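Q: Dumping the structure here so I can ask a few things about it.
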Amino acid sequence: MLDRILNPTPTFYKYDKFSTGFIPGLVCPLLAFLFFYTFQMKTMTFTEYLHHMMTPSIIAKILSFGCIMNLLIFFLFISRDYFNAARGVIMATIFWALPILYFKFK
């Protein structure tokens, strides 16, 4: 009650910032990269995994999977009407699309 009096802006919009969407949008493909390592490549060490993944066709697929994971974050922000944060996720996805296209057609 006192929060409404002292802060005239609604509290459910305080996370509607560009950076709130951009930072998770950048981190999610990296988490997908680590997720794939922990559940698929248990026999390799992490350095062997990195050397194996640096093949352009493989790294493009893993990063593409991570960008698909950005859709979950995007729809979460859209469902809560955080449109600025959703814009941040879209910009992070475009940021990741450039290296994906590079590795895809290398």
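Q: With the Cα gyration tensor of the chain giving a ≥ b ≥ c as the square roots of its eigenvalues, does the rule (a/c under 1.5 for rounded; else a/b larger than b/c for prolate; else oblate) give rounded, prolate or oblate?
A: Prolate is the answer for the chain, as a/c is 1.5 or above and a/b outweighs b/c.
Q: Let me check something: with ligands and nucleic acids excluded, how do Tyr82, Tyr102, Tyr37 order by accessible area (1.4 Å probe), largest to smallest?
A: Tyr102, Tyr37, Tyr82
Q: Determine the gain in length on full extension of the stretch Glu48-Lys17; use 0.36 nm per residue of separation and subtract their C-alpha separation, reporting nm with one decimal.
A: Length gained between Glu48 and Lys17: 7.3 nm.
Q: Can you show me the helix-derived [θ] at 222 nm for the chain, built from DSSP H runs with n ≥ 4 at -39,500 (n - 2.57) apiece and divided by the number of residues, rounded to the nearest 500.
A: Per the formula, -26000 deg cm²/dmol.
Q: Under the 0.36 nm per residue contour assumption, what length would be gained going from the current alpha-carbon distance of Lys61 and Ser79 to full extension?
A: 3.7 nm
Q: Once you sort the root eigenvalues of the Cα gyration tensor of region 40-90 as a ≥ b ≥ c, which label holds: rounded (a/c under 1.5), prolate (a/b larger than b/c) or oblate (the other case)?
A: prolate
Q: Are there DSSP H segments in the chain that both extend 27 Å or more along their axis (alpha-carbon positions) and score a mean Kyte-Doolittle hydropathy of at least -1.0? List them, or say none.
A: For the chain, where a helix must reach 27 Å along its axis and average at least -1.0, the hits are 18-40, 56-79, 83-104.
Q: Carbon and sulfur atoms: what percent of the 1.4 Å accessible area of the chain do they account for?
A: 73
Q: How much accessible surface does Arg87 have with a 1.4 Å probe, in Å² rounded to 10?
A: 140
The values are calculated or read from the model by the stated rules, or taken from the named source; none is laboratory data. For clarity, every value in this text was computed on a predicted model and none was experimentally measured. SASA here: full protein model, heavy atoms, side chains in, ligands and nucleic acids out. Shrake-Rupley method; radii C 1.70, N 1.55, O 1.52, S 1.80 Å.
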